[in-house]
1. If a residue must be among the hydrophobic types (A, V, I, L, M, F, W, C) and in a strand (DSSP E or B), how many such residues does the range 11-45 contain?
2. Given the structure, is R147 modelled with pLDDT under 95 and crowded, with 18+ Cβ neighbours inside 10 Å?
3. Tell me the residue from E102, E17, E22, E34 that is at pLDDT 95 or above and surrounded by fewer than 17 Cβ atoms within 10 Å (Cβ to Cβ), please.
4. If you go through the range 46-57, how many residues are surrounded by 12 or more Cβ atoms within 10 Å (Cβ to Cβ) and either in a loop (DSSP other than H, G, I, E, B) or touching a helix residue (DSSP H, G or I) at 6+ places or on another chain (Cβ under 7 Å) (or both)?
5. Only one of these is more than 26 Å from F137 (Cβ to Cβ) and touching a residue at least 24 places away in the same chain (Cβ under 8 Å): G96, G60. Name it.
6. Considering only the range 65-87, state which residues are assigned to a loop (DSSP other than H, G, I, E, B) and either farther than 20 Å from A45 by Cβ or basic (K, R) (or both).
7. What tally of residues in the range 41-54 results from selecting those that are in contact with a strand residue (DSSP E or B) (Cβ under 8 Å, 6 or more places away or on another chain) and farther than 29 Å from A126 by Cβ?
8. Show the residue pairs that are 6+ apart or on different chains and have beta-carbon atoms under 7 Å apart, the first residue being within the range 34-48 and of a type in the set (G, A, S), the second being not in a loop (DSSP other than H, G, I, E, B).
Amino acid sequence: MLFGETEIPGAWLIDIERHADERGFFARTWCRREAAAHGLIADFAQNSVSYNSAAGTLRGLHYQWHPHGEAKVVQCLRGAIFDVIVDLRPDSPSFGRWLGVELTADSHRMLFIPEHVAHGFQTLAADTEVAYMISAFHRPDAARGIRHDDPALGIPWPLPVTHLSAKDKTWPTFAEQRSVWSPPAVAAYSP
């Protein structure tokens, strides 16, 4: 596995090392030892898959609130996505910044997303499947999100948004939530 740092501390691009022959190739997609050597959480509570029938489908930007933060490894199994993360950690040098990367089934590239970083993606092809390894169990009471079209973030989604859930349409902006991310306000926050 090949690990590449990103401008969001703790977020890593992970590429596979293919061992090819006439049959095709073999590659590891996860190794606990190699992940731990890069400081990544290597224990996952659940795996999930997202199927998306139409190009332009947008999911996100999602995160789970303290103390139920989730680290994730995201990989596109079929099709292609524009994967976006937003750093919500007030003590991070990249607080409030976003990163977008293209993940495709052909590249097998993955993105490791640390806790307290929002995540979303837009499908670039029809019939796209996305797999997630997630470090924490889903807690509906801790589920939060940020508007995908927040003008302050200015994320240039590559395609017009064709499908967006009703819930994703109602998330507040980054600025509307910014004050609750400081550690003293964590216990008092209630949407």
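1. Keep residues of the range 11-45 that are among the hydrophobic types (A, V, I, L, M, F, W, C), which gives 11-14, 16, 20, 25-27, 30-31, 35-37, 40-42, 44-45.
Subsequent filtering for residues that are in a strand (DSSP E or B) retains 12-14, 20, 25-26.
Count: 6.
2. no
3. On the way: E17 fails: at pLDDT 95 or above; E22 fails: at pLDDT 95 or above; E34 fails: at pLDDT 95 or above.
After ruling out the rest, the residue left standing is E102.
4. Within the range 46-57, residues that are surrounded by 12 or more Cβ atoms within 10 Å (Cβ to Cβ) and either in a loop (DSSP other than H, G, I, E, B) or touching a helix residue (DSSP H, G or I) at 6+ places or on another chain (Cβ under 7 Å) (or both) number 3.
5. Working: G60 fails: more than 26 Å from F137 (Cβ to Cβ).
It is G96.
6. Residues of the range 65-87 assigned to a loop (DSSP other than H, G, I, E, B): 65-71, 79.
Once the filter is applied, which keeps residues that are assigned to a loop (DSSP other than H, G, I, E, B) and either farther than 20 Å from A45 by Cβ or basic (K, R) (or both), the range 65-87 yields only G79.
7. Qualifying residue count, the range 41-54: 1.
8. What qualifies is A42/R32; A42/A35; A42/A36; A45/I134; S48/Y132; S48/I134.
The values are calculated or read from the model by the stated rules, or taken from the named source; none is laboratory data. A quick note: this is a predicted structure, and the numbers were derived from the prediction, not measured. Don't worry about glycine lacking a Cβ; one is built from the backbone with ideal geometry, like all the others, and counts go over all protein chains shown.
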